[in-house]
Amino acid sequence: MKCRHCKTELHHVFVDLVNCPPSNDMLKPDQLNEPEVFYPLKIFTCHNCLLVQVDEMRKADSIFNSEYTYFSSFSTSWLAHAKKYVDMMVERFRFNASSQVIEIASNDGYLLQYFKEYNIPVLGVDPTANTAEVAISKGIPTIVDFFGAGFAQKHLADKQIRADLILGNNVLAHVPDINDFVKGVKIALKDTGVVTFEFPHLMRLVEECQFDTIYHEHFSYLSFTVVKRIFENQGLEMFDVQELPTHGGSLRIFAKHTGDHSKEISPNVAALLKREEAAGMKNMNYYNDFQQRVEEIKYAVWEFLIKARRDGRKVIGYGAAAKGNTLLNYCGVKGTDLIQFAVDASPHKQNRYLPASHIPVRDLNSIAEYKPDYVIILPWNLKKEISEQLKYIRDWGGKFVTFIPELNII
Ligand SMILES: [Zn+2]
C-alpha cells in the first residue's frame with residue numbers, strides 16, 4: 001500500500017477501527033435477512049508527506065451507489081451555511097451573469113440554487129444519479145459522473161467551459177486519487193478563477209478525538225499544510241483560508257493559479273501553517289496516541305449504555321448519519337436492547353435500519369411518543385441545534401448525551 005499523494009510505502013497506523021459497513025447504506029427491512037459486507041477501516045499516516053489516509057481501495061463507484069440516501073437539502077443548517085457562502089463569494093469576487101460556477105459533488109443542488117438566484121450560470125457535477133435528478137428538476141444542470149483530470153478535459157476544457165469559481169464541499173477528502181482530482185481543478189479553472197474547498201480539519205479531528213468522522217467515504221484526512229503542498233504540485237496556490245464550525249471544525253481553502261497575481265495572499269495562510277506546526281502536525285509523534293484515545297471513548301460508551309440498561313432507562317439515538325454508524329459499529333452496539341431506536345428528519349432514512357447495528361430509524365414524532373430518558377446526539381457537531389429543537393424532552397426529564405470528545409450528559 002502506497003501513499004495516495006507521494007507514493008511512499010505506508011507503515012504507520014494512525015487508527016485501526018477494524019471494519020465497518022459502508023456508513024451511508026441504510027438497510028431496508030428485507031435486507032435484514034441478508035449478509036452484510038464489512039470493509040476494513042484502517043487509517044495510516046504517511047511518514048514522508050504526512051497525508052493521513054485509508055489503506056483500502058474500495059472502488060468509489062460502489063460507495064456512491066444509486067441508493068445513496070444523503071440529500072443535502074434536508075439539513076436546514078447546511079442550507080443556511082450554503083446561502084451564507086454564496087452571498088459572501090458574490091460580494092467578494094463580484095461574480096455575475098457572465099461568470100461560470102462549477103460545483104463538484106453538487107448533490108441535490110442545495111448550494112447552486114443560491115447562485116442561480118443571482119442569475120449566475122452554474123454547473124453541477126455529481127456521481128450520484130438520484131440526488132442529481134433532484135438538482136436537474138430544480139433547473140440546475142448537472143453531469144452525473146466522477147470529477148478528475150480526464151473529466152475536466154473531456155466535459156469542460158474541450159467544450160470551452162472553464163470556471164470563474166470551482167467549489168466543492170466535503171469532496172476533497174472523499175476522492176480516492178487526490179492528485180488527479182486537483183489536476184482536474186487546474187484544467188477547469190479560468191486564468192483568474194477562484195477555487196474553494198471545504199473539508200474537515202485534521203487538527204480538530206485529532207484534538208477532539210473525532211474518530212467517528214472516519215469512514216470509508218473519506219479517503220484522506222487533511223491538514224492545511226498537506227493540502228497546500230498537494231495543490232502546489234498541480235500549479236495551484238493558496239491565497240486564503242477560513243476556519244468554519246461545520247462538521248466539528250472545517251477549513252475553507254481559497255486557491256488560484258500559481259501565476260495569477262491578481263489576488264493578494266491573506267495573512268491567514270501563514271498564520272494557519274504556523275499554528276499547525278506549533279501543534280506538532282509536522283512530527284509523526286502527533287499521530288501516535290490517537291488509537292488509545294479512541295479506545296477510551298469506546299469504554300465510556302459501554303459504561304454509559306450498560307448502566308442505563310441496568311437502571312431501566314430508555315435510550316434512543318438522534319441522527320441516522322455516517323458518524324453515528326461509525327461509532328456504534330466500532331463500539332459493537334447491535335440490536336435494540338441498549339439503544340431502542342434512532343430518529344431522523346429525512347424521510348429517505350425513516351423506516352430503514354442502521355447498517356451493522358440494525359437499529360430501526362423512525363420519524364421525529366416517535367420521541368414524544370416514547371419519552372426516552374436519554375437522547376444520544378450522534379452528529380455531536382449539531383448538538384446545540386438539535387438540543388434546542390428537541391428541548392421538549394425536558395418535560396419528562398429527558399437528557400441529551402454526546403460521546404465525543406468524551407461522555408457528556410446535558
Ligand atoms: Zn505521502
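The values are calculated or read from the model by the stated rules, or taken from the named source; none is laboratory data. Everything numeric in this text was worked out from a predicted model, so none of it was measured. Cβ: placed from backbone, ideal geometry, glycine included. Neighbour counts: every protein chain shown. All accessible areas refer to the heavy atoms of the entire protein, side chains included, with ligands and DNA or RNA removed. Shrake-Rupley method; radii C 1.70, N 1.55, O 1.52, S 1.80 Å.
Select from segment 42-56 the residues that are within 13 Å of the ligand (Cβ to nearest atom) and either more than 22 Å from the chain's Cα centre (by Cα) or modelled with pLDDT under 95 (or both) and list them in ascending order.
Restricting attention to segment 42-56, the residues satisfying the condition of being within 13 Å of the ligand (Cβ to nearest atom) are 44-53, 55.
Hits for segment 42-56 are His47, Asn48, Cys49, Asp55.
To keep it simple, each residue is scored yes or no on (1) among the polar types (S, T, N, Q); (2) within 27 Å of Arg94 (Cα to Cα); (3) modelled with pLDDT under 95.
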residue: Ala129; (1), (2), (3): no, no, yes
residue: Ser137; (1), (2), (3): yes, no, no
residue: Ile143; (1), (2), (3): no, yes, no
residue: Phe147; (1), (2), (3): no, yes, no
residue: Lys154; (1), (2), (3): no, no, no
residue: Ala157; (1), (2), (3): no, yes, no
residue: Arg162; (1), (2), (3): no, yes, no
residue: Lys183; (1), (2), (3): no, yes, no
**Request:** Could you tell me which residue of segment 220-240 is nearest to Ile178 (Cα to Cα), considering only residues that are open to solvent by 20 Å² or more (accessible area, probe 1.4 Å) and touching a Leu at 6+ places or on another chain (Cβ under 8 Å)?
**Result:** Lys228
**Message:** Of all residues being among the β-branched types (Val, Ile, Thr) and part of a helix (DSSP H, G or I) in segment 140-189, which is most open to solvent (accessible area, probe 1.4 Å)? Just the residue, please.
**Reply:** Ile187
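So which helices (runs of 4 or more DSSP H) stay within segment 241-341 end to end and still have 2 or more residues that are without any contact (Cβ under 8 Å) to a residue 12 or more places away in the chain and surrounded by fewer than 18 Cβ atoms within 10 Å (Cβ to Cβ)? Spell out the reasoning first.
Values: elements: 267-279, 290-310, 322-330.
It comes to 267-279, 290-310.
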**Asked** In segment 384-393, which residues are open to solvent by 40 Å² or more (accessible area, probe 1.4 Å), touching a residue at least 24 places away in the same chain (Cβ under 8 Å) and under 19 Å from Ala321 (Cβ atoms)?
**Response** Glu385
**Item:** Of residues in segment 1-41 being part of a strand (DSSP E or B) and within 16 Å of the ligand (Cβ to nearest atom), the one surrounded by the most Cβ atoms within 10 Å (Cβ to Cβ)
**Value:** Phe14
